[in-house]
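Q: Just dropping this structure here.
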């Protein structure tokens, strides 16, 4: 019981950290960057600073979530969809996998490309604008998926 309580605590703590960081970047930092209140290097520095927290949170969320799910009385086995709880957990995990893929794409594809374009400077202004739009779409999509994860968590908790 103590391990399960610690798992819940870590899960909630890292959820707040990951989704809070995502909300700050999407709803506060991105608009400030678009208004020119953050320079390119500040925007990149902010995102790089958040990467260890994002990666650590994802790892903790995956491990603690798996532990909690398999210790839940409603868990009947892998892909056994015999209840509303199981369907809610499946939908939640689909959204989580999508969020993880988006985060990895941003970290290993988009951010390095933005950094390269930023270093090249004014020659690639149009490319930088295109990347910024792509980044904004991915951030908003990830934030939307985060709210979906919370919705399905609430459904699974309620049933």
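Q: Among 24, 63, which is free of Cβ contacts under 8 Å to residues at least 40 places away in the same chain, over 11 Å from the mean Cα position of the chain (by Cα) and within 14 Å of residue 142 (Cβ to Cβ)?
A: Criteria check complete, one pass: 24.
Q: For segment 119-137, enumerate the residues that are under 15 Å from residue 34 (Cβ atoms) and surrounded by 15 or more Cβ atoms within 10 Å (Cβ to Cβ).
A: Answer for segment 119-137, where residues must be under 15 Å from residue 34 (Cβ atoms) and surrounded by 15 or more Cβ atoms within 10 Å (Cβ to Cβ): 128, 131, 132, 134, 135, 136.
Q: For residue 75, are the conditions met, namely being over 15 Å from the mean Cα position of the chain (by Cα) and closer than 20 Å to residue 159 by Cβ?
A: yes
Q: Oh, and also: Would it be correct to say that residue 44 is surrounded by 12 or more Cβ atoms within 10 Å (Cβ to Cβ) and at pLDDT 95 or above?
A: Answer is no for this residue.
Q: Let me confirm something: among 70, 14, which residue is touching a helix residue (DSSP H, G or I) at 6+ places or on another chain (Cβ under 6 Å) and free of Cβ contacts under 8 Å to residues at least 60 places away in the same chain?
A: Every option except 14 fails the conditions.
Q: Further, regarding this structure: For segment 75-92, name all the residues that are free of Cβ contacts under 8 Å to residues at least 24 places away in the same chain and surrounded by fewer than 16 Cβ atoms within 10 Å (Cβ to Cβ).
A: Answer for segment 75-92, where residues must be free of Cβ contacts under 8 Å to residues at least 24 places away in the same chain and surrounded by fewer than 16 Cβ atoms within 10 Å (Cβ to Cβ): 75, 76, 77, 78, 79, 80, 81, 82, 87, 90.
The values are calculated or read from the model by the stated rules, or taken from the named source; none is laboratory data. Because the structure is predicted, anything quoted here is derived from the model rather than measured. Methodologically, a virtual Cβ is constructed for each residue, glycine included, from the backbone with ideal geometry; neighbour enumeration extends over all protein chains shown.
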